[in-house]
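Engineer: Encoded as structure tokens, here's the structure I'll be asking about.
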Ligand SMILES: C[S@@+](CC[C@H](N)C(=O)[O-])C[C@H]1O[C@@H](n2cnc3c(N)ncnc32)[C@H](O)[C@@H]1O
């Protein structure tokens, strides 16, 4: 180990920052967040330092640095662009045994400021021993995705009951196991789901009568987004990796199902070529029964479960049966496809609103209020509209929309197979004759922006199957940055 990591209590303690620029402001803010009383010494201050001084977060000593100023401080940081000042700060602290850090000068530091993942009171500090700040930053970003935001609240709850548990559960080993069950079981889950009060009641109840926590099953209704696994939320990933069973359907990319634990059971409930998909009733019943067996069930749905996803129907059955559930929103196809196609769904110059519409035929025809759609005027997004695209375009024209209104189709949006076809209400239907599902139809002036704002395209030669390809099939390949 190059350095010994320690956590220092700075509450109410004086600390000094030498320098008045942006770097000094960042360092001063960090120490202030840890409760220190921070003084900034500099002949002048700018930007953020000035703001922090003005609102009382920092004290400013308007002066050039003098070595005597370090006396009495717990920590000193120098962040000036004058090497001789930085050296003089370092020498003054070294001579008095005061921890000192000179920004970007590893040789002038006797302590370093680590990368921090802050879930206060849980804090993770990481360092590469000064070898690579960029590596430290990337590692930190990974940790940020792994540690749920609710861990801080969980730690607070555990802290409040620590003494009571010590009094009630005498053996060290038994107590350790008790806490492990609490953290990894239903009580920990409740906190992470934002149900703090319920979690606390359960924990208090457990400690009062020392019943074993009952791990009832639970269903996580998770929006898996439109295809690119990077579009999953942190919560979706965390719950997916916790699940004992994953129930998924056709629009969920294989790479996303693969993120579940290796030993988790996978149940496909979508349509396969030539076969019928499970009925909605069967799926809801399956979720209920799996949860009743005490299993944690991840129900993965494409996009967002509450947008043309029948998520509401599935959890109604769970609610009626008293099965606990959580809903994790996902990026809906309209947002994902529009972003990856460079088609802003709203735009101050072109569209003040957007409508999500089902283009799915019910019985004999498309049962839509065409007049209302045409009069609305702004962006129209048709889900499940590929098979009826020609009829949708001609109905819009027949009800008064200009025949040259821009229209586009995003096929396999956000995946390596993404294709974007653009045209007008008149020309688009012929251009998309060979397009395949899943595809999203977008109508409105914003479609015209695609030619200027496109930044992403599917890679040539990707596996032709959206459903059965290798996990990498749905990875995006940016072609150029939007900048
Ligand atoms: C049953 S709806 C499910 C919508 C989903 N719940 C959502 O929020 O995106 C299925 C339709 O979503 C659209 N869709 C889903 N994923 C897509 C993708 N990757 N590219 C284009 N359209 C997609 C298609 O219109 C498809 O027919």
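Engineer: Taking neighbour counts of Cβ atoms within 10 Å as a proxy for exposure, in what order, fewest first, do 409, 396 appear?
Structural biologist: Lowest count first: 396, 409.
Engineer: Could you work out how much longer the chain between residue 262 and residue 139 gets when fully extended? Use 0.36 nm per residue separation minus the Cα distance between them, nm to one decimal.
Structural biologist: That pair, residue 262 and residue 139, stretches by 41.9 nm at full extension.
Engineer: Now, a different point. Restricting the count to DSSP beta bridges whose residues both fall in the range 334-474, what percent are antiparallel, rounded to a multiple of 5?
Structural biologist: Antiparallel: roughly 75 percent of the beta bridges in the range 334-474.
Engineer: Sticking with this one: If I model a spin label as a point 7 Å beyond the Cα along the Cα-Cβ vector, how far apart are those points for residue 82 and residue 172 in nm?
Structural biologist: Taking the simple label geometry, residue 82 and residue 172 are separated by 5.6 nm.
Engineer: Tell me the mean residue ellipticity at 222 nm calculated for the chain from its helices only (DSSP H runs of n ≥ 4, each -39500 (n - 2.57), averaged over every residue, nearest 500).
Structural biologist: Working: 17 runs with 169 residues, N = 483.
One gets -10000 deg cm²/dmol as the mean residue ellipticity at 222 nm.
Engineer: Okay, next question. Mind giving me the FRET efficiency for residue 61 and residue 149? R0 is 56 Å, r the Cβ-Cβ distance, nearest 0.05 is fine.
Structural biologist: Details: r = 37 Å, r/R0 = 0.66.
The value I calculate is 0.90.
Engineer: Treat the count of other C-beta atoms within 10 Å as a stand-in for reagent exposure and order 456, 234, 7 from fewest to most.
Structural biologist: Taking fewest neighbouring Cβ atoms as first place, the list is 7, 234, 456.
Engineer: What ranking of 109, 337, 93 emerges when the number of other C-beta atoms within 10 Å of each C-beta is taken as an exposure proxy, fewest first?
Structural biologist: 109, 93, 337
Engineer: For the chain, what does the alpha-carbon gyration tensor say about shape, rounded, prolate or oblate, given a ≥ b ≥ c as the root eigenvalues, a/c under 1.5 as rounded, and a/b over b/c as prolate?
Structural biologist: Oblate shape, in that a/c is at least 1.5 and b/c is the bigger or equal ratio.
Engineer: Right, something else. Put a dot 7 Å past each Cα toward the Cβ at residue 372 and residue 434; how far apart are the dots in nm?
Structural biologist: With each label point 7 Å from Cα toward Cβ, the separation is 3.9 nm.
Engineer: What residues of the range 1-36 lie in the reach of a label at residue 113, counting those whose backbone N is under 15 Å from a point 7 Å from the Cα along Cα→Cβ?
Structural biologist: Within reach of a label on residue 113: 8, 10, 15-36.
Engineer: Restricting to the chain, compute how many DSSP beta bridges are antiparallel as a %, nearest 5.
Structural biologist: That works out to approximately 40 percent antiparallel.
Engineer: Classify the range 257-360 from the C-alpha gyration tensor, please: rounded if a/c falls under 1.5, else prolate or oblate depending on whether a/b exceeds b/c.
Structural biologist: prolate
Engineer: Moving on. Shape of the range 45-142 from its Cα gyration tensor (a ≥ b ≥ c, root eigenvalues): rounded if a/c is under 1.5, otherwise prolate when a/b > b/c, or oblate?
Structural biologist: The shape class here is oblate.
Engineer: A further question follows. Between residue 22 and residue 201, what length in nm is gained on full extension when 0.36 nm per residue of separation is reduced by their alpha carbon distance?
Structural biologist: Difference between extended and current length: 59.8 nm.
Read-outs throughout are calculated quantities, based only on the coordinates presented, and are distinct from any laboratory measurement. The shown structure was predicted, so the numbers you read here are calculated from the model rather than taken from an experiment. No Cβ is skipped: glycine too gets one built from the backbone with ideal geometry, and neighbour counts run over all protein chains shown.
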